[in-house]
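Written below as structure tokens is the structure these notes are about.
Rule-based calculations on the coordinates, nothing more; no lab input. It should be emphasised that the depicted structure is a prediction, and the values quoted were computed from it without experimental measurement. In this analysis, Cβ positions are derived from the backbone assuming ideal geometry, glycine residues included, and neighbour counts consider all displayed protein chains.
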DNA sequence: AAATTAACGTATCGATTCGAAACAATTGCA
DNA sequence: TGCAATTGTTTCGAATCGATACGTTAATTT
């Protein structure tokens, strides 16, 4: 009997094989693309080596090398943190974002979902999000977006993080955060 | 905005990282486990090197090595095909099946789904199956189970494959087949 | 029947990745 | 001020993966 695990494994194999068949991206290791994509989706608290490391579940040494390779490709720049001299912020360049936008697998998934009905993609995303939330309850990090975070507040009409006690740009509330902690009710209301 | 692709990527990272944290399986490459699991789920037409190769989307040289490693671990045995001397059938041993049954990720997914409601796992599996079917329409192979195959027939009350013109054991109709071709209506009725 | 082509599996090579460990630099804490 | 914890880099060795070449067997063509 096929389980959820098997479906996810098969989907993953398929997506990887497409990446390899892509002429432009065949030389680029999958981990590098995963890291770059994460960096394009996370906020300023999370765009560090340790952020990528925890998100991908690898060791920091390995990740450091992959990021170095991305930097050499010109898809990434490193910027020192103003306050903490240990930290380095990683920002995808225009060229890097360009590469991400050409990932065939992303579009293929969206189009396949569209062919199955107008609300299919949203419904499936919602369910996968719920599953992910459930799985991450035992994890140290939950990697959600600000909007679903218990620290997420409003102050003077703008988003505000109760953990770091800092105001956030409006664009940040849909970004992935390393410090995310789920609010009480994870179930998104229908 | 998080896409289907991102959810699948994150889920995959999480599952992989669990595999690495498992003391017993940390030394075992993920590809080997994927191959072994496939072999435990596929039928007699598909348990060959080329079957695994196409399912995982790798090259046959690479797969041949991974299978060799599995054989050396004693998790797999090779059996020559009776009719075609080129082919080798790969059969997981009892020890191999034992390893598969201990995959923590499989259970974790099932339990997480269970916590989200009684029908959650089935509904999600069904949707992922539909998505997979849609994605595989452009592929050469669809890797479905006999029951959803256009060659699937009944003869003398037993399953029968219209492609190979052979009877099938009853246990095979839920197994993955390399030669699978979807029947006209892929949508599984509710 | 013979020759050619195609398919299956293996072996070898080189590039690359990954984890483990050691290391330097900075921060936070007692 | 000491001491531990955190961040990030580097180095090393093992192992994976793709590409290529090869041998064997089956299928096809002449």
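For residue A:1 and residue A:123, compute 0.36 nm times the residue count separating them, minus their Cα-Cα distance, and round to one decimal in nm.
Taking 0.36 nm per residue and subtracting the Cα distance, the gain is 41.5 nm.
Work out the mean other chain Cβ neighbour count within 10 Å for the residues of A:14-21 and drop it here as an integer.
Mean partner shielding for this stretch: 4.
Can you tell me what share of the DSSP beta bridges in chain B is antiparallel? A percent to the nearest 5 is fine.
The antiparallel fraction comes to roughly 95 percent.
In the range A:46-144, if every C-alpha pair distance is counted and binned at 10 Å from zero, what percent goes to each bin?
Spelled out bin by bin, the range A:46-144 gives 13, 29, 34, 20, 3 percent.
Given contacts defined as C-alpha pairs under 8 Å and at least six residues apart, what's the relative contact order of chain B, whole-number percent?
Computed over chain B, the figure is 19 percent.
Provide a whole-number value for the mean count of partner chain Cβ atoms within 10 Å of the Cβ atoms in peptide A:100-107.
Partner-chain Cβ atoms within 10 Å, mean over residues of A:100-107: 2.
Over the C-alpha atoms of the range B:119-187, what are the Rg and the largest Cα-to-Cα span, Dmax, in Å?
Computed over the Cα atoms of the range B:119-187, radius of gyration and Dmax are 12.9, 38 Å.
Whose Cβ in chain A comes nearest the axis that rotates A onto B, and by how many Å?
Looking at chain A's Cβ atoms against the axis toward B, the nearest is A:12, 2.
How far apart, in nm, are the 7 Å Cα→Cβ label points at residue B:77 and residue A:97?
5.9
Once all Cα-Cα distances of the protein assembly as shown are split into 10 Å bins that start at 0, what whole-number percent is in each one?
Here the calculated profile for the protein assembly as shown is 4, 21, 31, 26, 12, 5, 1, 0.
For chain A, set up a GNM with springs between Cα atoms under 10 Å and report which of A:93, A:62, A:48 has the largest fluctuation.
A:62
What ranking of A:1, B:50 emerges when the number of other C-beta atoms within 10 Å of each C-beta is taken as an exposure proxy, fewest first?
If I rank by nearby Cβ atoms, fewest first, I get A:1, B:50.
Over the range B:80-190, what is the mean sequence separation of C-alpha contacts under 8 Å (at least six apart), divided by residue count, expressed as relative contact order in percent?
21
Can you give me the relative contact order of the range A:4-104 as a percent, contacts being Cα pairs under 8 Å and 6 or more apart?
Relative contact order for the range A:4-104 comes out at 26 percent.
Please compute the average number of Cβ atoms from other chains found within 10 Å of each residue's Cβ in peptide A:114-123.
3
Say each of residue A:40 and residue B:171 gets a label point 7 Å from the Cα, pointing the same way as Cα to Cβ; how far apart are those two points in nm?
4.7
So, in nm, how far is label residue B:155 from label residue A:150 when the simple model puts each one 7 Å beyond its Cα toward the Cβ?
About 6.3 nm, to one decimal.
Ranking A:161, B:177 by Cβ neighbours within 10 Å, fewest first, what do you get?
Ranking A:161, B:177 by Cβ neighbours within 10 Å, fewest first, gives A:161, B:177.
Hey, for residue B:181 with labels 7 Å out along Cα-Cβ, what do the inter-copy distances come to in nm, ordered shortest first?
Listed shortest first, these distances are 5.8 nm.
I need the inter-copy label distances for residue B:98: point set 7 Å along Cα to C-beta, values in nm with one decimal, smallest first.
5.6
Hey, what number do you get for chain A at 222 nm if only DSSP H runs of n ≥ 4 count, each worth -39500 (n - 2.57), divided across all residues, to the nearest 500?
Only helices count here, giving -14000 deg cm²/dmol.
Sort all Cα-Cα distances of chain B into consecutive 5 angstrom bins from zero, then give the percent of pairs in each bin up to the one containing the longest distance.
Taking every Cα pair in chain B, the percentages come to 1, 7, 13, 16, 19, 18, 14, 8, 3, 1, 0.
Measuring nothing but label to label, 7 Å from Cα along Cα→Cβ, what are residue A:137's distances to the other copies in nm, shortest first?
When each copy's label point is compared with this one, the spacings are 3.8 nm.
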